[in-house]
Amino acid sequence: MGVFCVNETVYPSVGTALVLVCNISIRDSITYPTWSGPPNFLRYNAISGQFNPNLGEKLSRINWKSNNIDLQLDSVTINDTGLYKCQVYFKERTYFYEIEVNVRGKFKYIPKLNSPSDLF
């Protein structure tokens, strides 16, 4: 049986670090929560805390925070956009916390053009 917690949406900028906080207070002190997310809702880790080697380049940018619950994703890219889910199994129930990540790109200022000839 699953119990869903409140979801949230975060808006990091490209190149920044993002901490994915698993807001589930019910857990034992032995196992790590299970995280999954983009691409294709891939499972990021085992209950032992070891990260999935299939994460590709993301593997070099992801780390556990000191509490071994929350994840830090360094140098966020547009490809990190998507739904992330933290899952904890405790006393025959599964608890979920979902975070929607919408990565903002870097914008470059372009001055206003007075006429099409300003392009050339």
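Structure notes:
- Residue list for segment 93-108, restricted to those being open to solvent by 60 Å² or more (accessible area, probe 1.4 Å) and either outside any strand (DSSP E or B) or touching a Lys or Arg at 6+ places or on another chain (Cβ under 6 Å) (or both): K106, F107, K108
- Taken over segment 31-51, the criterion of being without any contact (Cβ under 8 Å) to a residue 12 or more places away in the chain, closer than 19 Å to T77 by Cα and in a loop (DSSP other than H, G, I, E, B) is satisfied by N40 alone.
- Here T16 passes the criteria (1) under 19 Å from R104 (Cβ atoms); (2) assigned to a loop (DSSP other than H, G, I, E, B); (3) open to solvent by less than 50 Å² (accessible area, probe 1.4 Å) except the one numbered (3).
- Scanning segment 66-92 for residues that are modelled with pLDDT of 90 or more and either touching a helix residue (DSSP H, G or I) at 6+ places or on another chain (Cβ under 9 Å) or open to solvent by 30 Å² or more (accessible area, probe 1.4 Å) (or both) returns Q72, L73, D74, S75, V76, T77, I78, N79, D80, T81, L83, K85.
- Condition met for N54 (in contact with a strand residue (DSSP E or B) (Cβ under 8 Å, 6 or more places away or on another chain), among the polar types (S, T, N, Q) and not in a strand (DSSP E or B)): yes
The values are calculated or read from the model by the stated rules, or taken from the named source; none is laboratory data. Because the structure is predicted, anything quoted here is derived from the model rather than measured. Every residue, glycine as well, gets a Cβ built from its backbone with ideal geometry; the counts of neighbours run over all protein chains shown. Heads up: the accessible areas ignore ligands, DNA and RNA and are worked out on the full protein's heavy atoms, side chains in. Shrake-Rupley method; radii C 1.70, N 1.55, O 1.52, S 1.80 Å.
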